[in-house]
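All remarks here apply to the structure that follows.
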Amino acid sequence: QVQLVESGGGLVQPGESLRLSCAASGSIFGFYIMGWYRQAPGKQRDWVASISTLPSTNYADSVRGRFTISRDNAENTVYLQMNSLKPEDTAVYYCKLSRMGVDYWGKGTLVTVSS
């Protein structure tokens, strides 16, 4: 089993930055992909960014150039540095780990961007 715990969410003003963390524990080994998703109120959950163990990174068009995903393999932690935040970035951010065809999700952390 794999457990994921997100942290770092909060209330910020437009243009400010936040860094989210996702700590993974449990049966983590071999090749796997970790990613961030977000779900705004009343909307579906959307993919934001992902990083593999290679490592390779990918970003949604809406965040490319503003968000950076990174990982610390020693700590089994993935980060999402979010800069130049916009009100439309407001959402619950979820961490996902995909390994051998199985997806594991965290419970999410709320990010609110408002003046």
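Just so you know, all these numbers are worked out from the coordinates, no wet-lab data involved. On a predicted model such as this, the values are computed, not experimentally measured, just so you know. Cβ sites come from the backbone with ideal geometry, for glycine too, and all protein chains shown count toward neighbours.
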*DSSP beta bridges in the chain [antiparallel fraction, %, rounded to 5]*: 90 percent
*asked:* Among GLY15, GLY35, GLY101, which one shows the highest mean-square fluctuation when the chain is modelled as a Gaussian network with alpha-carbon springs under 10 Å?
replied: GLY101
*Find, among the chymotrypsin sites (Phe, Trp or Tyr not before Pro) in segment 1-96, those assigned to loop by DSSP (not H, G, I, E, B) with at most 13 other beta-carbon atoms within 10 angstrom.*
PHE29, PHE31
*Cα-based radius of gyration of segment 1-46 once divided by 2.2 N^0.38 Å, which approximates compact folds*: 1.47
*With the Cα gyration tensor of the chain in hand, convert its eigenvalues to equivalent ellipsoid semi-axes via √(5λ) and list them largest first in whole Å.*
24, 14, 13
*Simple spin-label model, 7 Å along Cα-to-Cβ: SER52 to PHE29 in nm?*
2.1 nm
*What do you get for Rg/Rh over segment 34-97 if you use C-alpha atoms and the Kirkwood form of Rh?*
0.96
_Two-site label geometry, ALA60 and ARG45: point separation in nm, points 7 Å out along Cα→Cβ_ = 1.2 nm
*May I ask you to compute the full-extension gain from TRP105 to LEU11, defined as 0.36 nm times their residue separation minus their alpha-carbon distance, rounded to one decimal in nm?*
31.6 nm
